[in-house]
Protein chains: 2
Amino acid sequence: MQKIFEQLSVTKHLLFWTLLAIPVSLTAGSLVALFLWLLDVVTRFRWEHAWLLYLLPLAGVVIHFLYKLWGKNSEAGNNLIMDEIHQPGGGVPARMAPLVLITTLITHLFGGSAGREGTAVQIGGSLASLLGKWFRLSKEDTRIILMMGIAAGFGAVFGTPLTGAIFALEVLAIGRIKYNALVPCLIASVFADIVCSAWGLHHTKYHIRIVTDFDFLLLGKIILGGVAFGLAGYVFALSSHSIKSFSNRLIKTHKWLIPVTGGCIVILLTFIAGTEDYLGLGVTASSPDGISIVNAFNENGVTSWSWLWKLVFTAVTLGTGFKGGEVTPLFFIGAALGNTIAMLTGAPVELFAGLGFIAVFAAATNTPIACTIMGVELFGSDYILYYAVACFTAYYFSGHSGIYTSQRLAVSKKDGATLED
Amino acid sequence: MQKIFEQLSVTKHLLFWTLLAIPVSLTAGSLVALFLWLLDVVTRFRWEHAWLLYLLPLAGVVIHFLYKLWGKNSEAGNNLIMDEIHQPGGGVPARMAPLVLITTLITHLFGGSAGREGTAVQIGGSLASLLGKWFRLSKEDTRIILMMGIAAGFGAVFGTPLTGAIFALEVLAIGRIKYNALVPCLIASVFADIVCSAWGLHHTKYHIRIVTDFDFLLLGKIILGGVAFGLAGYVFALSSHSIKSFSNRLIKTHKWLIPVTGGCIVILLTFIAGTEDYLGLGVTASSPDGISIVNAFNENGVTSWSWLWKLVFTAVTLGTGFKGGEVTPLFFIGAALGNTIAMLTGAPVELFAGLGFIAVFAAATNTPIACTIMGVELFGSDYILYYAVACFTAYYFSGHSGIYTSQRLAVSKKDGATLED
């Protein structure tokens, strides 16, 4: 009899979370849809008005003071949400959602090199936190609703619901997934993706043609690529952290000078690079044959050093206080690096661009299983084994610190020792 | 500098495990290939000589005494391997591999209803343990090589390497994956699968046609199906455990009477069911339109109660001491139940057979992520979201005890509470 009660109590638990998922995903999905639409509008506007870049330092000052005046503790962004899941404290402020939305749009309008997943995750997280307070959830349930917020934001922004759910569970600690919110996260991300699509938002389609059967030489190249992708993720995390701490040590008073300097460096970099293609999101470029994620899937679609340019542009932008996510730039860096490696080793370009796309992200965020599944959701199942090899290898070579400083270390990559529950 | 040493030490770690993976996967892959070939031979032989079934009670006695005389502690099978990973002790005896191979073939030759993954996992595990002793591995490294053995056996026997690697990590505890052997397991299962295929072994191909775009009604049916699949997995685990403990309480001396009784019941059940299709592996039947896993993917390919028949046949066979795995019968139960649910609710039969195939297995072994990936490896990526919904739901409804009694409980399904590291 006790066993039957167990199933009944699971049913109750799931019904409860399904009902809670509805407001989370309706609001998060809709706000992410609005965000994606506005992002598209400001990106096109910037393409038509190239001079906006010169106002980037000024935009940085505006963002700085917006957070200083109204931000409370929300500047910590994704890390704050993760901290609240690890150890519920003061909660995630509701103002995080509008603030990050507006400041990300400002960053993109004036040409900062940034992404969008951070914004979506923060929108999801802060809405979830607000709902949690309204419904007076317990500490344990607040953790779950925050994870649902992450899943909803991530699932909606990239149109990859299963990846969103796994990501929300996997990102919290390096080397471990716990299933304490498996189904709630899946429900939230599926619903949020449906809501976002219902608003008419469509996601970029990528395509990898079937190039070959299994062969050992290709597997060797993929492992080599995985090592390179891992190191690239490592260098990216290291540089953005270093730029942040260095600029904070250099500029002790008048902190608004940090984004001004950052903005000036981005302008300077644009002149040196001789192209505006490293500004903004980079999924597509202003001209059809410009350097972009989509073109990284074509032979000669990017230059040999495009990945490094995008890495530097993004590390400077985000390291000096501009807003947005890291993930889309990581896709760019990975796809471009994959393209370069493929051209150098004579491997299929589309495949390697796709592998780099997911593996650099896996390395920088320490989420190899979510990224393998992202490969399936974006590119299909033919190469699932290659996705896993690239993501797992990259994960091992990215060291023990990713882009999220609040991520905990559960299992060592060096010897597999358990460090924390 | 310390950071660079970190990457170097990861490289050393990975090279070490890649080298160790070669003997593990060469031996495990080859032995699994031999096993699959012999399994095919004995199955065909039994189809041609139906009278062999009447010797099943006698075969049970032989298996009983084989283990009693030479088995040492290897009768514990998969559970022993899992125990050794949790808490390294006396090790897995090398004799486990030949013993389980021979006794599984005996079970199948005389018509016991059983699977093959248990056998493959035990072959992999005992070979890995032997190699670990030869190479004088430390306790921590012995755990990793045992996981590699599980991954190699599982990857090779079903031709699903990524599933094998994830399964080896996921099966150890309910509600948690730890990445302490992520890449070693992947290397071992990929190599073992390649070795097994190189011997000319081919795996059954399943196919789900694209039936429909996303719709909410279908999603509802899949959630309902997931609940049913979860309960079926739960009932299966419960019945085989109950039959085992009941028969041990009933027959206190002359334990060999247990398999004799089990064999007689299977003969009786065959008469009642009026078909031999529930004997043996069940991937295909002796006649092309018999009841089998492959035919469960067709409308009217199985009867409404085929899933329950297979459940009873298998629980009796394995609960009374015959050998083999549980997974292929779980595939059968799931595919047949999926077929029945699809016919009842008017859902696409192929899709539901595929969902049941993976979800009942996910429920009974508490491995929802491995089974979602198995869906992709076997049926392609079009329905990855449905695989996840079915497997995750089934996982929640299978209670806290699966078919492996040595599996630990890490995270509660009821409220997500962490119970053990």
Seminar exercise, completed: Flagged in segment B:207-233 as of a type in the set (Phe, Trp, Tyr) and open to solvent by less than 30 Å² (accessible area, probe 1.4 Å), in numbering order, are B:Phe229
For this session: Confirm whether A:Thr372 is touching a helix residue (DSSP H, G or I) at 6+ places or on another chain (Cβ under 9 Å), open to solvent by 10 Å² or more (accessible area, probe 1.4 Å) and facing another protein chain (nearest Cβ under 10 Å).
Result: no
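Hey, which of the helices (runs of 4 or more DSSP H) in segment B:1-89, taking only ones fully inside, have at least 1 residues that are within 14 Å of chain A (Cβ to nearest Cβ)?
B:2-48, B:78-86
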Exercise. Restricting to segment B:312-342, what's the tally of residues that are hydroxyl-bearing (Ser, Thr, Tyr), more than 13 Å from B:Leu281 (Cβ to Cβ) and assigned to a helix (DSSP H, G or I)?
Worked result: 1
Seminar exercise, completed: Over segment B:237-260, the set of residues away from chain A (no Cβ under 14 Å) and touching a residue at least 60 places away in the same chain (Cβ under 8 Å) is B:Ser240, B:Ile243, B:Lys244, B:Ser247, B:Lys255, B:Trp256, B:Ile258, B:Pro259, B:Val260
Exercise. Which pairs have Cβ atoms under 8 Å, sit 6 or more apart or on different chains, and link a residue in segment A:137-148 that is outside the structural domain of A:Val171 (by TED's automatic domain parsing) to one that is open to solvent by less than 10 Å² (accessible area, probe 1.4 Å)?
Worked result: none
For this session: Can you give me the number of residues within segment A:170-192 that are open to solvent by 10 Å² or more (accessible area, probe 1.4 Å) and either aromatic (Phe, Trp, Tyr) or in the same structural domain as A:His400 (by TED's automatic domain parsing) (or both)?
Result: 1
Problem set entry | Leading residue by the ranking (farthest from B:Phe331 (Cα to Cα)) among those in segment B:87-105 that are open to solvent by 30 Å² or more (accessible area, probe 1.4 Å) and in contact (Cβ under 8 Å) with a residue 12 or more places away in the chain | B:Gly90
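Per-residue answers, yes or no, for (1) in contact with a Pro (Cβ under 6 Å, 6 or more places away or on another chain); (2) not acidic (Asp, Glu):
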{"site": "A:Lys252", "(1), (2)": "no, yes"}
{"site": "A:Trp256", "(1), (2)": "no, yes"}
{"site": "A:Val260", "(1), (2)": "yes, yes"}
{"site": "A:Thr270", "(1), (2)": "no, yes"}
{"site": "A:Glu276", "(1), (2)": "no, no"}
{"site": "A:Val283", "(1), (2)": "no, yes"}
{"site": "A:Ser287", "(1), (2)": "no, yes"}
Exercise. Just a yes or no: is a residue in segment B:398-406 within 14 Å of another protein chain (Cβ to nearest Cβ), modelled with pLDDT under 95 and open to solvent by 10 Å² or more (accessible area, probe 1.4 Å)?
Worked result: yes
For this session: With respect to A:Val121, determine if the residue is within 24 Å of A:Ala362 (Cβ to Cβ) and buried (at least 24 other Cβ atoms within 10 Å of the Cβ).
Result: yes
For this session: Could you please let me know if A:Gly112 is closer than 30 Å to A:Trp47 by Cβ, in a loop (DSSP other than H, G, I, E, B), touching a residue at least 24 places away in the same chain (Cβ under 8 Å) and in the same structural domain as A:Val61 (by TED's automatic domain parsing)?
Result: yes
Exercise. Taking B:Ser381 and the conditions (1) within 14 Å of the chain's Cα centre (by Cα); (2) within 14 Å of chain A (Cβ to nearest Cβ), which numbered condition does it fall short on, given that it satisfies the others?
Worked result: (1)
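A quick yes/no check of all residues on (1) in contact with a Ser or Thr (Cβ under 8 Å, 6 or more places away or on another chain); (2) under 24 Å from A:Leu58 (Cα atoms); (3) β-branched (Val, Ile, Thr); (4) open to solvent by 10 Å² or more (accessible area, probe 1.4 Å):
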site: A:Gly280; (1), (2), (3), (4): yes, yes, no, no
site: A:Leu308; (1), (2), (3), (4): no, no, no, yes
site: A:Ala336; (1), (2), (3), (4): yes, no, no, no
site: A:Ile341; (1), (2), (3), (4): no, no, yes, yes
site: A:Phe352; (1), (2), (3), (4): no, no, no, no
site: A:Ala359; (1), (2), (3), (4): yes, no, no, no
Exercise. When you go through B:Ser245, B:Ser287 one by one, which is the residue that is within 23 Å of the chain's Cα centre (by Cα) and either surrounded by fewer than 19 Cβ atoms within 10 Å (Cβ to Cβ) or polar (S, T, N, Q) (or both)?
Worked result: B:Ser245
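The values are calculated or read from the model by the stated rules, or taken from the named source; none is laboratory data. Note that the structure is predicted; figures quoted are calculated from it, not measured. In this analysis, Cβ positions are derived from the backbone assuming ideal geometry, glycine residues included, and neighbour counts consider all displayed protein chains. For accessibility, only protein heavy atoms count, side chains too; no ligands or nucleic acids. Shrake-Rupley method; radii C 1.70, N 1.55, O 1.52, S 1.80 Å.
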